[in-house]
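Chemist: First the structure, then my questions, so here it is.
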Amino acid sequence: MIRRIIDESAFLKLKEKMAEGLLPQWVLTDPDIYQLEKEKIFGYTWQFLAHESELPEPGSYLTRWMVDDPVLLVRTKNNEIKAFLNSCTHRGTQLCTADRGNKKSFTCPYHGWSYNLEGELIGIVAGNKVYGTEMHKEDWGLRKIPQVAIYQGMIFGNMDPNAEPLEDYLGEMKWYLDMMLGRSDGGMEVRGLPQRWVAKANWKATAENFTADPYHVQTTHRSTVELGISPEDPLYAGYGHQVVTKNGHGINVITSATGKARVPFQGTPESMWPMYKKNLTPEQVDILSRVTVFVGGVYPNLSFVSPIHGTEGHLHNYLNFRLWRPLGPDIVEVWCWFMIDKAAPEDYKEAAYRGYLGSFGPSGTLEQDDTELWARIVEVSGGLMMRDKELNYNSVSNYLMGFNRVEPDPTFPGPGKAYPTTYLDALARSMHEKWLELITKDLFVKEDMK
Ligand code: FES
Ligand SMILES: [Fe+2]
């Protein structure tokens, strides 16, 4: 598989640069790299599809995507969640085009074949007359997504039937997901539909921005300081710990200069605190009681943020999930979910939802700050001088913050490597190391590339 620009020596050079904490910028928008990513990253890793609360009852369905593969998710009559390729087995037409709804069966708009909630073909227009006895309906059911698994209500799919189980893939990250998604009785629920929009950006840059880069906050989102929402101290988003877990997953636990949050338990109603203490370990309760913002991600393309918003007396917290669905090397479809504790009081949920709409989401102030910068990265990444030639010493992105200098803090109570600052590139480097490991797997069968 030798391609136009990417040959073995280019990859070896890439590996060398990355070992020095440098990522050549051309890899962001290179079309050949993008093809490799689709095949070797998205073809083999667990990808977030939906939250269980989006499929509330038997017959509920959702249409989603795993990059370019269309997915139809359904809750069956037996309350099981199943995922199929959303493509009719007759001529391949997209079967269901609605975002969500409730149905007993799905009928293809082209020639009228229909399928039940189990994905079985149950109706062929004029079946016996046109196909006779040669056609066996049981052979023509919808194709299943090879693996589907749920953790803390989060539904993931995997195109690789041999991929490691979801829980193994998540590893230590489960401890942190439990803290956010499993803290209250009944877990989290999605409110409204996930918003989605298209941005000029590369999926690696957006994932890294959200998951691993609190350093950008004090400059990119400077307007929040000017409005008095964020502190003047330029280090304010750097206090706390950056935790790196395996497989490119990780989380930033941002606290404050004193190590405590502005308010206990992220400003959630006091009536909910006993639930946290009941459902979590003392170590998780300790972190949750003093965190200001959790922000992190599950590799490759899911990020999350759990902030405190509002003013004194009207503070609220929610969980925002982000899926960066690549549509090309320089274009991303952003999927954005608002999630909140099912057990929270209704008026609190509504206030938190309004706070979210004003900050994240396509009309939110914070969102527009980031979108503009993502576009500026891809716009300058495709030129000839960005190529990894000897001439261009500046064609790399720098991931050196804390490199070989900041050591993990052994007193941090959670699993993973926890570094005592979030102004750090450790998690970004881990994400890009996972990226290189995946795209080069079996690409050149040679000892030194393993
Ligand atoms: S393509 Fe679906 S019935 Fe023909
Ligand atoms: Fe941002």
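The values are calculated or read from the model by the stated rules, or taken from the named source; none is laboratory data. None of these values were measured; they are calculated from a predicted model. Virtual Cβ from ideal backbone geometry, glycine too; neighbours counted across all protein chains shown. Surface accessibility is based on the protein's heavy atoms, side chains included, excluding ligands, DNA and RNA. Shrake-Rupley method; radii C 1.70, N 1.55, O 1.52, S 1.80 Å.
Chemist: In percent, what relative contact order does the chain have, based on Cα pairs under 8 Å that are 6 or more apart in sequence?
Modeler: 20 percent
Chemist: Evaluate the relative contact order of the stretch 47-151 (contact order divided by residue number), counting alpha-carbon pairs under 8 angstrom at least 6 apart; express in whole percent.
Modeler: Computed over the stretch 47-151, the figure is 22 percent.
Chemist: Another question, if that's okay. Rank by packing, highest mean first: peptides 132-142, 232-242, with packing defined as the count of other Cβ atoms within 10 Å averaged across residues.
Modeler: The densest-packed peptide leads the list: 232-242, 132-142.
Chemist: Follow-up question, since we're still on this one. Leaving out ligands and nucleic acids, and using a 1.4 Å probe, what accessible area per residue does the stretch 172-439 come to in Å²?
Modeler: Ligands and nucleic acids excluded, the figure is 41 Å² per residue.
Chemist: Can I ask one more? Decide, for the stretch 150-305, between rounded, prolate and oblate: order the square roots of the alpha carbon gyration tensor eigenvalues as a ≥ b ≥ c, take rounded if a/c falls under 1.5, and otherwise choose prolate if a/b is larger than b/c, else oblate.
Modeler: Verdict is oblate for the stretch 150-305.
Chemist: Then there's this: List, in order, the whole-Hz ³J(HN,Hα) value for each residue of the stretch 123-129 obtained from phi through the Karplus relation with A = 6.51, B = -1.76, C = 1.60 and θ = phi - 60°; use x for Gly and Pro.
Modeler: x, 10, 4, 6, x, 4, 6
Chemist: Also, quick follow-up: Could you tell me which of rounded, prolate or oblate describes the stretch 174-249, using a ≥ b ≥ c as the square roots of the eigenvalues of the alpha-carbon gyration tensor, with rounded for a/c under 1.5 and, failing that, prolate when a/b is larger than b/c and oblate otherwise?
Modeler: rounded
Chemist: Can you run the Rg to Rh ratio on the chain? Use alpha carbon positions and the Kirkwood inverse-distance Rh.
Modeler: Ratio value, two decimals: 0.99.
Chemist: Hand me the GluC sites (Glu not before Pro) from the stretch 44-103 located in a DSSP loop with no more than 14 other Cβ atoms within 10 Å, in residue order please.
Modeler: Of the GluC sites (Glu not before Pro), the ones in loops of the stretch 44-103 whose Cβ has at most 14 other Cβ atoms within 10 Å are Glu80.
Chemist: Ok, one more. For the stretch 332-340, what does the Karplus curve 6.51 cos²θ - 1.76 cosθ + 1.60, with θ = phi - 60°, yield as ³J(HN,Hα) per residue in whole Hz, taken in order and with x for Gly and Pro?
Modeler: My calculation for the stretch 332-340 gives 10, 9, 8, 10, 9, 9, 9, 10, 8 Hz in order.
Chemist: Based on the Cα gyration tensor of the stretch 59-137, what are the three equivalent ellipsoid semi-axes, each the root of five times an eigenvalue, rounded to whole Å and given largest first?
Modeler: Taking √(5λ) for each eigenvalue gives 23, 14, 10 Å, largest first.
Chemist: Does the stretch 1-86 come out rounded, prolate or oblate by the C-alpha gyration tensor, with a ≥ b ≥ c the root eigenvalues, rounded set by a/c under 1.5 and, if not, prolate when a/b is larger than b/c and oblate if not?
Modeler: Because a/c hits 1.5 or more and a/b exceeds b/c, the stretch 1-86 counts as prolate.
Chemist: How big is D, in µm² s⁻¹, for the stretch 172-439 by Stokes-Einstein at 37 °C and 0.692 mPa s if Rh is the Kirkwood radius over C-alpha pairs?
Modeler: Approximately 172 µm²/s, per Stokes-Einstein.
Chemist: Mind checking the stretch 233-332 for GluC sites (Glu not before Pro) that DSSP puts in a loop (not H, G, I, E or B) and that have at most 10 other Cβ atoms within 10 Å?
Modeler: Here the sparse-neighbourhood loop sites are Glu312.
Chemist: Which Cα, out of Ile308, Asn78, Phe444, lies furthest along the positive dipole direction of the chain (beta carbon charges, K/R +1, D/E -1)?
Modeler: Asn78
Chemist: Can you list, bin by bin at 10 Å, the percent of alpha carbon pairs in the stretch 248-376, starting at 0?
Modeler: That works out to 11, 39, 35, 13, 2, in percent per bin.
Chemist: Looking at the stretch 1-92, which chymotrypsin sites (Phe, Trp or Tyr not before Pro) are in a loop (DSSP not H, G, I, E or B) and have at most 11 other Cβ atoms within 10 Å?
Modeler: Taking the stretch 1-92 and a limit of 11 other Cβ atoms within 10 Å, no loop chymotrypsin sites (Phe, Trp or Tyr not before Pro) are found.
Chemist: Using only the alpha carbons, work out the radius of gyration and Dmax of the stretch 91-239 in angstrom.
Modeler: Just the Cα atoms of the stretch 91-239 yield Rg and Dmax of 23.6, 77 Å.
Chemist: At a 1.4 Å probe radius, carbon and sulfur cover how many percent of the accessible area of the chain?
Modeler: That fraction is 52 percent.
Chemist: Please give the per residue accessible area of the stretch 9-93, computed with a probe of 1.4 Å over protein heavy atoms only, in Å².
Modeler: 35 Å²
Chemist: Can you give me the pair-distance distribution of the stretch 301-354, C-alpha pairs, 5 Å bins, whole percents?
Modeler: With 5 Å bins starting at 0, P(r) equals 4, 17, 23, 19, 12, 10, 7, 4, 2.
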